[in-house]
Amino acid sequence: MTAAHDIDLPAVLAERLTTTHPDVLRELLATFIHTLMGAEADALCGAGYGQRSSERTNSRNGYRHRQFDTRAGSLDLAIPKLRQGSYFPDWLLERRKRAERALTTVVATCYLLGVSTRRMDKLVETLGITGLSKSQVSVMAKELDTAVEAFRTRPLDAGPYTFMAADALVLKVREAGRVVNVHALIAVGSTPRVTAKF
């Protein structure tokens, strides 16, 4: 049995999110990927989408739709096109399994620890993306934060639940050079038709 400090919480949470309901993780992944691609396209253009600026070097020209297969299901990605040159996210071109695993970990970390601008900047750098401005990272953090908050506060309409079990666990985790307590709560509810995890 592994010790409590050896548990990779983002990986455990990603697994739980994947088994909970595939649409939840798929929606969070799609939101994060689209926001990240939009921020990268804005950085390449020199200005945000729909903004007029003297520093603008390029502009957008619609979207190109591509399928991205993940363990949570297939995502329909709308990749921004540019008027001059081309754009395709390099971090999606790496081996798909590794890119998907990294994206799932990023989304799970944001869900577990909350979304902040500094944390989002570090997570984006783990994907190999640099050169995003602080305002772009802040917009990404806000968009992902709203998606995570919508998941956390969603109604549980699948009821009535005939059986429900909850378990809580306090884990000691090393974060920023010190050991802190992290609380994990898992609840499982069973309806007459299907078992649902939240």
Order of E143, E149 - criterion: other Cβ atoms within 10 Å of each residue's Cβ, fewest first | E149, E143
Sum up the charges of everything whose Cβ sits under 13 Å from the Cβ of Q84, counting Lys and Arg as +1 and Asp and Glu as -1, but leave Q84 out.
-> +4
With θ set to phi - 60°, apply the Karplus curve 6.51 cos²θ - 1.76 cosθ + 1.60 along the stretch 134-147 and write out the HN-Hα couplings as whole Hz, x wherever there is a Gly or Pro.
-> 4, 5, 5, 5, 5, 5, 4, 4, 5, 5, 5, 4, 5, 5
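So for each of 59-65, 185-191 I average, over its residues, the number of other beta carbons within 10 Å; can you give me the resulting order with the highest mean first?
Listed from highest to lowest mean packing, they are 185-191, 59-65.
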Quick one: which residues, 5+ away or cross-chain, put their amide H under 5 Å from the amide H of A47? H built at 1.01 Å from N.
-> T57
Could you list which residues have their amide H under 5 Å from that of R64, counting only those 5 or more apart in sequence or on another chain, with H placed in the peptide plane?
-> I79, K81
By the mean-Cβ-within-10 Å protection proxy, highest first, 40-47, 150-157 rank as 40-47, 150-157
What list do you get for Y87, Y49 if you sort them by fewest beta carbons within 10 Å?
-> Y49, Y87
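Bear in mind these aren't lab numbers, they're just calculated from the coordinates by the rules spelled out. Just so it is clear, the model here is predicted, and its values are computed rather than measured. Positions of Cβ are generated from backbone atoms using ideal geometry, with glycine treated the same way; all protein chains shown enter the neighbour counts.
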